[in-house]
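Okay, structure first, notes after.
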Amino acid sequence: MPAVTSGPIMADGGALVLFSGGQDSATCLAWALDRFERVETVGFDYGQRHRVELACRATLRAGLGRMRPDWAAKLGDDHTIGLSALGEVSNTALTRDVAIEMTQGGLPNTFVPGRNIVFLTFAAALAYRRGLRHIVGGMCETDFSGYPDCRDDTIKALQVALNLGMDSRFVLHTPLMWIDKAQTWALARSLGGDALVDLIVEDSHTCYLGTREMRHPWGYGCGTCPACLLRAEGFRRFKSA
């Protein structure tokens, strides 16, 4: 597993982190706080079944601030954007009470078409208004369900389109793109030690079904949905490394 070190502090415009309240986005927020002088967060309410993730965001932000005074000083405003129209046009297992299964097209029915494209477009519009140049997201092409809008090529193409369309110089950062879930846990520990790992276990939410009744070694969730299984296996490998 490659070693992870802190990066240089970047002062050119600050950063906006796509912050859902899940394991990946919490790790990305810590990553951004370690690198940028000013960090704001944005979450999206699109009618997701696991909407409980949005309620985790304030607790995670507060926990990160208590963990390191320098992070608390950098952590700026939080924003929530309502995108109910995305949920209305998405007949998926993340926006409807249906069983999670594979579709004929080879993608799981948890895929919300255009979700990351919409998220990053709205994030860029917000970053434009807030004077933030860097946009950080938890997209990953290593441990993922085949979602095409999580691929590196998609993110690079979108960066070009956003910069052309807004006449700006946004930089889209995806620190998890080429690491798996075990390495994501390791990244969290390298940034904030066991305290950050414990915070993510206790207060983040990644389960697709929104279940927080069952506590597992890796956190809360149903334990059987694809998100829970991926997180559990990653945590097991992280602990055994």
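Among the residues of the stretch 127-147, those identified as under 30 Å from Cys225 (Cβ atoms) and either buried (at least 18 other Cβ atoms within 10 Å of the Cβ) or touching a residue at least 24 places away in the same chain (Cβ under 8 Å) (or both) are Ile135, Val136, Gly137, Gly138, Met139, Cys140, Glu141, Thr142, Asp143, Ser145, Gly146, Tyr147. Check the stretch 204-212 and report whether any residue there is closer than 24 Å to Asp45 by Cα, in a loop (DSSP other than H, G, I, E, B), within 18 Å of the chain's Cα centre (by Cα) and at pLDDT 95 or above. Yes: one or more hits. Of all the numbered requirements in (1) within 14 Å of the chain's Cα centre (by Cα); (2) under 17 Å from Ala123 (Cα atoms); (3) in a helix (DSSP H, G or I), Leu164 misses one, and that requirement is (1). Between Ser168, Ser204, the distinction of being of a type in the set (Ser, Thr, Tyr), in contact (Cβ under 8 Å) with a residue 24 or more places away in the chain and more than 18 Å from Leu18 (Cα to Cα) belongs to Ser168 only. Applying the criterion of being of a type in the set (Gly, Ala, Ser) and part of a helix (DSSP H, G or I) to the residues of the stretch 213-241, the residue that is nearest to Glu53 (Cα to Cα) is Ala227. Considered as a group, the residues in the stretch 115-152 that are in a loop (DSSP other than H, G, I, E, B) and among the polar types (S, T, N, Q) include one that is modelled with the highest pLDDT, and that residue is Thr142. In summary, helices (runs of 4 or more DSSP H) completely within the stretch 1-114 and bearing 3 or more residues that are within 27 Å of Ala241 (Cβ to Cβ) and at pLDDT 95 or above occur at 23-33, 52-67. Whether any residue in the stretch 190-200 is touching a Cys at 6+ places or on another chain (Cβ under 9 Å) and hydrophobic (A, V, I, L, M, F, W, C) is what I want to check. No; the residues of the stretch 190-200 include none that is touching a Cys at 6+ places or on another chain (Cβ under 9 Å) and hydrophobic (A, V, I, L, M, F, W, C).
The values are calculated or read from the model by the stated rules, or taken from the named source; none is laboratory data. No experiment lies behind these values; they were computed from the predicted model shown. Here the Cβ is made from the backbone with ideal geometry for all residues, glycine too, and neighbour counts use every protein chain on show.
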